Amino acid sequence: MKAITIVGGGLSGLTLGIGLRRHGVPVTIHEAGHYPRHRVCGEFISGRGLESLKRLGIWSLLEKLNARSASSVAFQHQGRSFPPRQLPKAAVCVSRFHLDFALAEEFRRLDGELRTGARWTQTFDAEGLVRGTGRRVHGSQSGWHWYGVKAHARNLALNADLEMCFFPHSYIRLCRLPDEEVNVCGLFRRRRGDKAPPGFLPDLVSAADDCLSERLSRAAWDADSICSVGGLPFSEEAGGRPRECSIGDAFGFIPPLTGNGMSIAFESAEIATEPIVRFASGTETWERARAKIAAELRNRFKRRLQRAGWLQWAVFNPLFRRLVLPALAGPRWSLAAAFWATR
């Protein structure tokens, strides 16, 4: 079998590595960081990715991590709280801190080679090389700089399994995790020249209304879980770069508002597994395998990414926000339509 190199040991890279090792393919994963560690993530899996995990034989890892089911959502906008609603289909919430480590250990158990602590400095267009390095950094889009922040907290009461709180230039999402933890994840934007954010907790408290601010101020925060990321891309076309085999966020970064980023990582790993196995076994050329992966990813994700981009734009546009958010919290069909359109 021909050897495969995967650059990026996040969800898509590790999941693909596990899938390939189960077919006997020699795999080396290069990861710049170490395990375990916290990442900015909504820690919310919904949609087709759940089925991908079952087909890939990874569902048992979620069960061992006591992943928590999420079936309800509540919206809050301009101090107005809407009654909780049932999600069209239950999702699963799990800590990335524990999930990434479990995936890495499973990959190692299958005799995969995992190299950590060194950033990849070579090109990404070599035969047998897969790029799973996550989102591509963007400085700004239409004058806005986007950044995300995350932390885990305890003693934080929620009105539903998932809460979405919207503000003029940000939103904060809270979801229940195993072991009575809560993921608090925020997306913020600012223009060039605006005052830089002072830090994670002050950002959240200052962005929140009085009700949410009071809850956040009473929470017990896990200092080690606090993390942030900048340069988030919301104007990039899906498809990666020519002659690269890209999966996950490297192929297309879906706005985190949808809560579908983790799902896309798992789905793209499943899509890439079979063509790469055929290449490794010598029954398909790399160029043909890469083209098949790109075509299937584009077919699966292009419209989903476009619709998610429209929804993201509407939520941050003052006029449309007044229409979109009450609609999501209104008739049952409106939430279902937005849910399935981005999945």
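Brief remarks on what is shown
- Number of residues in the range 248-280 that are within 14 Å of Lys292 (Cβ to Cβ), under 15 Å from the mean Cα position of the chain (by Cα) and modelled with pLDDT of 95 or more equals 1.
- Top-ranked residue in the range 298-340 [being buried (at least 18 other Cβ atoms within 10 Å of the Cβ) and of a type in the set (Phe, Trp, Tyr); ranked as farthest from the chain's Cα centre (by Cα)]: Phe316
- Failed condition for Asp100, given (1) among the charged types (D, E, K, R); (2) under 19 Å from Gly248 (Cα atoms); (3) open to solvent by 20 Å² or more (accessible area, probe 1.4 Å): (3)
- Failed item, numbered, when Ile254 is tested on (1) outside any helix (DSSP H, G or I); (2) surrounded by fewer than 22 Cβ atoms within 10 Å (Cβ to Cβ): (2)
- Residues located in the range 103-130, provided they are open to solvent by 30 Å² or more (accessible area, probe 1.4 Å), acidic (Asp, Glu) and under 22 Å from the mean Cα position of the chain (by Cα): Glu105
The values are calculated or read from the model by the stated rules, or taken from the named source; none is laboratory data. In this text, all values refer to a predicted model and were calculated from it rather than measured experimentally. Neighbour counts are summed over all protein chains in view; Cβ atoms, including those assigned to glycine, are modelled from backbone coordinates with ideal geometry. Surface accessibility is based on the protein's heavy atoms, side chains included, excluding ligands, DNA and RNA. Shrake-Rupley method; radii C 1.70, N 1.55, O 1.52, S 1.80 Å.
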